[in-house]
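Here is the structure we will look at, set down as structure tokens.
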Amino acid sequence: MNEQFNLEAWLSAIMSGLRSAFGNRLLFVAHAGSWVRGEAGPSSDIDINMVLDEVRPEDIAAYRRILAGMPFREKACGFICGREEMRAWPRHELFHFMNGCNIIHGSLDGIVLPPTKAEVAEYIRINASGVLHFARHTMVYSNDLPGMAEGLAGVYKAAFFMLQAKLFLETGKYVPSKKALAPLLEGLDREVFSTASRWGELAGDRAKRPEHYFSQLADWSSALLLLADRHSRA
């Protein structure tokens, strides 16, 4: 596509369409993801999170029509739900939803409260236990560790979000970007973050010693799990 992409113009255009289609039923719209963090690349999605009074089948059809008329339609991504669905959403999933976004319409005030530290700890507990189980299960049972190691890219990518939550538990502050997060990390946190940042250049090393990457994730997620448990009991 030869047309030059302009984020602000794109956001303005989609907001015009959303306001026209939904009017005062449109309660909240936020822009999230790599563009907000200043980390977007040429293929990055534009994540739009939207809350309506309720989501009807015709609303989905209307949203699809809006997107169909947008330039760079292929970049559009995100989340849509109704007010009561938002209120019922699992509390541990609200940390990034409410912190890692740029609000461009409305508010979540009166709909949902920010998660507590105990609920952020639960987010870490759920995700760390999943990583720990996967890493140890694979080390024990897999007959193709090099092949399985290549599939760890998504796990290492998710480490950034878990580290954001960990630092919030420890400091009460939300660190918005990888650039801001990096100098704050130590020990296993720094090692895992470094592996994620250098994933492409480590392909040869993964082929030679794939068990290192599973062990690194297992040790790191175990420490996170125990940390989350302590905060949950505090």
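Structure notes:
- Hey, PRO114 free of Cβ contacts under 8 Å to residues at least 24 places away in the same chain and outside any helix (DSSP H, G or I) or not: yes
- Residue match in segment 148-160 (condition: over 22 Å from HIS96 (Cα atoms) and among the acidic types (Asp, Glu)): yes
- Some residue of segment 40-53 being at pLDDT 95 or above and over 30 Å from LYS178 (Cα atoms): yes
- Checked against the criteria, GLY187 counts as on the phi > 0 side of the Ramachandran plot, modelled with pLDDT of 95 or more and more than 21 Å from the chain's Cα centre (by Cα).
- Test for TRP10: is it touching a residue at least 60 places away in the same chain (Cβ under 8 Å) and either surrounded by 13 or more Cβ atoms within 10 Å (Cβ to Cβ) or among the aromatic types (Phe, Trp, Tyr) (or both): yes
- Single unsatisfied condition, ALA121 versus (1) touching a helix residue (DSSP H, G or I) at 6+ places or on another chain (Cβ under 6 Å); (2) surrounded by fewer than 15 Cβ atoms within 10 Å (Cβ to Cβ); (3) modelled with pLDDT of 95 or more: (2)
- Scanning segment 117-125 finds one or more residues that are touching a residue at least 12 places away in the same chain (Cβ under 8 Å), farther than 21 Å from ASP205 by Cα and of a type in the set (Phe, Trp, Tyr).
- Annotation: of all residues in segment 56-82 being surrounded by 14 or more Cβ atoms within 10 Å (Cβ to Cβ) and charged (D, E, K, R), the one that is nearest to ARG19 (Cα to Cα) is ASP59.
Residues checked against (1) closer than 14 Å to GLY100 by Cα; (2) among the aromatic types (Phe, Trp, Tyr); (3) assigned to a strand (DSSP E or B):
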position: VAL29; (1), (2), (3): yes, no, yes
position: GLU39; (1), (2), (3): yes, no, no
position: VAL51; (1), (2), (3): no, no, yes
position: ASP59; (1), (2), (3): no, no, no
position: ALA62; (1), (2), (3): no, no, no
position: ARG65; (1), (2), (3): no, no, no
position: MET70; (1), (2), (3): no, no, no
position: CYS77; (1), (2), (3): no, no, yes
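- Single residue of segment 206-223 satisfying the filter (more than 13 Å from HIS133 (Cα to Cα) and touching a residue at least 40 places away in the same chain (Cβ under 8 Å)) that is farthest from the chain's Cα centre (by Cα): ALA207
- If you go through segment 17-55 and keep only what is surrounded by fewer than 19 Cβ atoms within 10 Å (Cβ to Cβ), of a type in the set (Val, Ile, Thr) and under 14 Å from the mean Cα position of the chain (by Cα), you end up with just VAL36.
The values are calculated or read from the model by the stated rules, or taken from the named source; none is laboratory data. Please read all numbers here as calculations on a predicted model, not as lab measurements. Please note: Cβ atoms are built from the backbone with ideal geometry, for glycine as well, and neighbour counts cover all protein chains shown.
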